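The values are calculated or read from the model by the stated rules, or taken from the named source; none is laboratory data. Note that this is a predicted model, so its numbers are computed, not measured. Backbone-built Cβ (ideal geometry, glycine too); neighbour counts: all protein chains shown. Surface areas here come from the heavy atoms of the whole protein model, side chains and all, with no ligands, DNA or RNA. Shrake-Rupley method; radii C 1.70, N 1.55, O 1.52, S 1.80 Å.
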Amino acid sequence: MKFPYIDEEERKRRLMPPKGKVHCVIDSDTYNEVDDQFAISYALLSPDKLSVDAIYAAPFSGDFFARLQNKESADIPMTSDLAEGMELSYKEIHKLMALLKMDPTGKVFRGSTSYMTEKDVPVDSDAARDLVKKAHEAEDLLYVIAIGEITNVASAILMDPEIINKIVVVWLSGQPLYWPHTIEFNIGQDILASQTILDCGVPLVIVPCMSVATYLSVTGPELEANIKGQTPLGTYLSDTVTSQMSQEMAQNWLTLFHQTYCAGLDDYGDEGLPTTTSYLSPSRTIWDISTVAYLLNPTWCPSSLVPTPILTDRITYAQDPTRHKMRLVKFIYRDAVLGDMFDKIRKAPK
């Protein structure tokens, strides 16, 4: 597949942190966890900075985690069917827009019901086709907020590579470049699409997960103090998170992280499993709002240009200093981001 060439000076210009109001679309596996709902709401509640032109439902399943743990299913509440995951996400987007008293007509699109299975072969969907359309209609750069598995976006690029000249992808995915691997939900189970995004030359901003987006952690009492009971949306978002904050679920997340995202970080052997007989203080990371925060105020998300890594089939990064540049977020000022989001949710429709 031949992709348009962008020289490095032009790439640098397109990857400058945005100023002023921008047009964007959101590609989201919305029903996957608890964070996409916050990210979509945060974006829609920021009309002074973001014009959200469309929202795409992405497929997802828990099979990736199950495989990594050598289990039949993951120990977290998640469907194992990609098509069902996409449809649940589609319906969840509609639910959020209803809580926000916004009309979803012509703005919400179903994505693919499978991942890419062949290199350079797109998966057709309403979402991919609409992204091609929106990119060509855009008068300036169209930002693609990607907060899920990225088949929809990669497929749109494969359908019409010329959209590389019209879009910037802002993607929550993978791990920091110094991590022993880049195992992560969005990048790891959708390998061909992920490799397409990293290799095709589309202007790209990546927010890694561990040690970057993990700063965006919240607790039940914090949500209850800031947004529960303030608006229907605030109560829904708060209850969605706190309903998953049992002691059992907190231990399941510790075990899951140890076996996946944090694999290889220690040399403790089997004794490294972070189990405890003492009381756990549950929290959840609202990962996906990082991408929205970057567009709203890049100073909250310090970043710099680095060579785009190569994603191997083993879900690791290989480095090549001659590769085209991408922008990499390296830290997030958690208090600024969450404070801004909480304030906007409190002002959502009653």
Once each part is reduced to its C-alpha centroid, what is the distance from region 80-110 to region 11-73 in angstrom? 13
What do the square roots of 5 times the Cα gyration tensor eigenvalues come to for the chain, in whole Å, largest first, as semi-axes of the equivalent ellipsoid? 28, 25, 20
Which percent of the accessible area of the chain is formed by carbon and sulfur heavy atoms (probe 1.4 angstrom)? 51
Please go through region 265-340 and write out the trypsin sites (Lys or Arg not before Pro) that DSSP classes as loop and that have at most 12 other C-beta atoms within 10 Å. Arg314
Out of Pro17, Gln244, Ala54 - ranked by how far each Cα lies towards the positive end of the dipole of the chain, with unit charges on the beta-carbon of charged residues - the top one is Pro17
Which percent, nearest 5, of DSSP beta bridges in the chain are antiparallel? 25
First check a/c for region 1-59, with a ≥ b ≥ c the square roots of the eigenvalues of its C-alpha gyration tensor; if it is under 1.5, answer rounded, and if not, answer prolate when a/b is larger than b/c or oblate otherwise. oblate
Please work out whether region 1-122 counts as rounded, prolate or oblate from its C-alpha gyration tensor, where a ≥ b ≥ c are the square roots of the eigenvalues and a/c under 1.5 means rounded, while otherwise a/b larger than b/c means prolate and anything else oblate? oblate
Given a cut-off of 30 Å, name the pairs among Lys49/Lys166; Lys101/Lys133; Lys21/Lys119; Lys91/Lys134; Lys134/Lys344 whose C-alpha atoms lie farther apart than that in the structure shown. Lys21/Lys119
What FRET efficiency, computed as 1/(1 + (r/R0)^6) with R0 = 41 Å and r the Cβ-Cβ distance, is obtained for Arg346 and Gln319, rounded to the nearest 0.05? 0.40
Chymotrypsin sites (Phe, Trp or Tyr not before Pro), restricted to region 287-350: which are DSSP loop and have at most 10 other Cβ atoms within 10 Å? none
For region 156-243, compute the orientation-averaged projected area of the C-alpha convex hull (one quarter of its surface), in nm². 8.2
I'd like the distance separating the alpha-carbon centroids of region 168-221 and region 290-350, in whole Å. 9
What is the dipole size for region 1-156, taken about its Cα centre, with +1 at each Lys and Arg Cβ and -1 at each Asp and Glu Cβ, in debye to the nearest 20? 460
Quickly work out the Leu177-to-Gln251 label distance, labels modelled 7 Å from Cα along the C-beta direction, and quote it in nm with one decimal. 4.0
In whole Hz, what ³J(HN,Hα) sequence does region 259-264 give by Karplus (6.51, -1.76, 1.60; θ = phi - 60°), x for Gly and Pro? 8, 10, 4, 9, 4, x
List, in order, the whole-Hz ³J(HN,Hα) value for each residue of region 285-302 obtained from phi through the Karplus relation with A = 6.51, B = -1.76, C = 1.60 and θ = phi - 60°; use x for Gly and Pro. 8, 8, 3, 5, 5, 4, 5, 5, 4, 4, 6, 6, 7, x, 5, 6, 10, x
For the chain, what is the calculated [θ] at 222 nm in deg cm²/dmol (nearest 500), taking -39500 (n - 2.57) for each run of four or more DSSP H residues and dividing by its residue count? -10500 deg cm²/dmol
